[in-house]
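Read the structure below first, then the notes.
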Amino acid sequence: MSIHRDPDADDIQLYSDLPPPIHLPTSELLEHYNPNVLAPLVRCSKLPFRHLTSLYETHITHTPMILAEEFSRAQVARVSDFSTSSSERGVYWMTPSTSSSSSPKKRGKEAIRVNHPDDDRPETPNELITYYNPPSTHSDRLPPTPTPPTRDAVLVRGNVIAQFASPNAKSLVDAAELISPYVDGIDLNCGCPQRWAYNEGIGCALLRKPELVRDMVRAVKQRMGWGWSVSIKIRIDPDQRQTETLIRNALASGISYLSIHGRTRHQPSTDPVNLDGIKFAVETVKGEVPCTGNGDIWTYEDVLTMRERTGVKGVMAARGLLANPALFANYSSTPPHAISQFISLSTTYGLIFPLFHRHLAYMLESDFSRNEKVWFNCLSSSTAAIDWLEGRGLDWRSARGSIWDARRGRGVVSAL
Ligand SMILES: Cc1cc2nc3c(=O)[nH]c(=O)nc-3n(C[C@H](O)[C@H](O)[C@H](O)COP(=O)(O)O)c2cc1C
């Protein structure tokens, strides 16, 4: 990107001269830019937390798992399960990874794939155009710095993916269509290990139903068009042949990317992640689609190890981001400005007290003494929690900046 820069210009001038960010399909973002990913988190990866992580180099975020059947049937479920904002996607300087054979920067708009090789439907060129538009082109978001950190860096807009759980294609397709104007794609949960989910035929019950997964993904692609992002998030199987069959079927259905959690359905999250299991899945994919690897990402070192050891393009974190939303921006623990931003985002967007309290507890856990933990757990309103933090010296009102402001990542980004 050649941007002519006046050496005497201040930040305001430099920011106002920036070109609009490019908005790529999620598979392209993964293929070319090695993005960082917030995992789907029931109750936790709602709008305020997604927005918060997007301020700290988290390029793709997922909603919590949403039950497709309820979502497609009831307005009340839609209102309670999903909210978004035109500003929740971040804007980032990203440098194409050297392994990319054809950078989308060079190909411009052609980077959006509209047809799948298996697409045998009759041509209806105008039918699906709306789904290829970014959910909202308006955004107040700025990158962490007005100056590109490398010569090849381009301004890229982040992606938001809605995760659904469904035991059948019909509910999934209906839910996907309803949510499509607001997100960049959907993900099918094939990993929730809870017994109730298994009994409902959702989550990890799908791990050994490869044909059903194939039919579900294919049905969404047929309704929405092959260019629309549909991914699946799986756990590894102790029997690798099962993982192989699942992946082969998923590829045949036209998945856009694959997320791999490196634990089996019977393994608790206290077990260490199996990087070899993720590597096996990545090798099975044979580069047909990009993969993200998930499990035990607690530090920036873990991010690098995950990529090196498994060959994934994207790295997805769950508990590590709950504990430290600035993890991907190379902070070793939650910085005070992230707490300030979280309070600001939660009060602006609205977040019920139990969730507000839980997020703060996750973020401050490593910082709390035993006594403080007891005190904090007794608080019963957001106001009480904020007062308590102010009493500990947090000046969140002046520390928060603008809620669209990612400039706190300044210096960190160029250090990566
Ligand atoms: C509070 C919580 C909620 C979760 N909710 C979901 C979910 O909605 N969908 C999903 O696919 N996985 C869910 N998971 C699993 C995570 O996405 C992730 O796969 C798992 O925690 C392993 O990553 P980690 O080792 O980085 O925590 C959840 C995990 C936690 C801790």
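Annotation: the residues SER340, SER16, SER269, sorted from fewest to most other C-beta atoms within 10 Å of their own C-beta, follow the order SER16, SER269, SER340. Summing Lys and Arg as +1 and Asp and Glu as -1 over all other residues whose Cβ lies under 14 Å from the Cβ of PRO272 gives a net charge of -1.
Whole-Hz Karplus values for the stretch 351-363 come out as 8, 5, 4, x, 6, 4, 5, 5, 4, 4, 4, 4, 5 Hz, taken residue by residue from phi with 6.51 cos²θ - 1.76 cosθ + 1.60 and θ = phi - 60°; glycine and proline positions read x.
Put in line by how crowded their Cβ is, counting other Cβ atoms within 10 Å and starting with the fewest, PHE342, PHE376 read PHE376, PHE342. The residues packed around ILE232, meaning those with a beta-carbon under 15 Å from its beta-carbon, carry a net charge of +3 if Lys and Arg are +1 and Asp and Glu are -1.
The share of Cα pairs per 20 Å bin across the stretch 11-332, counted from zero up to the longest distance, runs 34, 61, 5 percent.
Among the trypsin sites (Lys or Arg not before Pro) found in the stretch 235-342, those both in a DSSP coil and sparsely packed, with 10 or fewer other Cβ atoms within 10 Å of their Cβ, are LYS286. For the stretch 240-256, putting each phi into the Karplus relation 6.51 cos²θ - 1.76 cosθ + 1.60 with θ = phi - 60° gives couplings of 4, 5, 5, 4, 4, 5, 4, 5, 4, 5, 5, 5, 5, 7, x, 3, 8 Hz, in residue order, rounded to whole numbers and with x for Gly and Pro.
In terms of distances greater than 18 angstrom between alpha carbons, the cross-link table entries LYS286/LYS313; LYS209/LYS286; LYS46/LYS209; LYS209/LYS313; LYS46/LYS373; LYS46/LYS279 yield LYS209/LYS286; LYS46/LYS209; LYS209/LYS313; LYS46/LYS373; LYS46/LYS279. Scaling against 2.2 N^0.38 Å puts the C-alpha radius of gyration of the stretch 252-329 at 1.08. The stretch 352-379 and the stretch 210-235 have their alpha-carbon centroids 39 Å apart.
Across the stretch 331-342, coupling constants 3J(HN,Hα) worked out from phi with the 6.51/-1.76/1.60 Karplus curve, θ = phi - 60°, read 8, 7, 8, 4, x, x, 5, 6, 5, 4, 4, 5 Hz, and Gly and Pro carry x. Normalised by residue number, the volume inside the convex hull of the Cα atoms of the stretch 337-399 is 76 Å³ per residue.
When GLU283, GLU31 are arranged by Cβ crowding within 10 Å, least crowded first, meaning fewest neighbours, the order is GLU283, GLU31.
Read-outs: derived from the displayed coordinates by stated rules, not from any lab. Because the structure is a prediction, the values reported are computed rather than measured. Cβ coordinates were reconstructed from backbone atoms using ideal geometry, including for glycine residues, and neighbour counts include every protein chain displayed.
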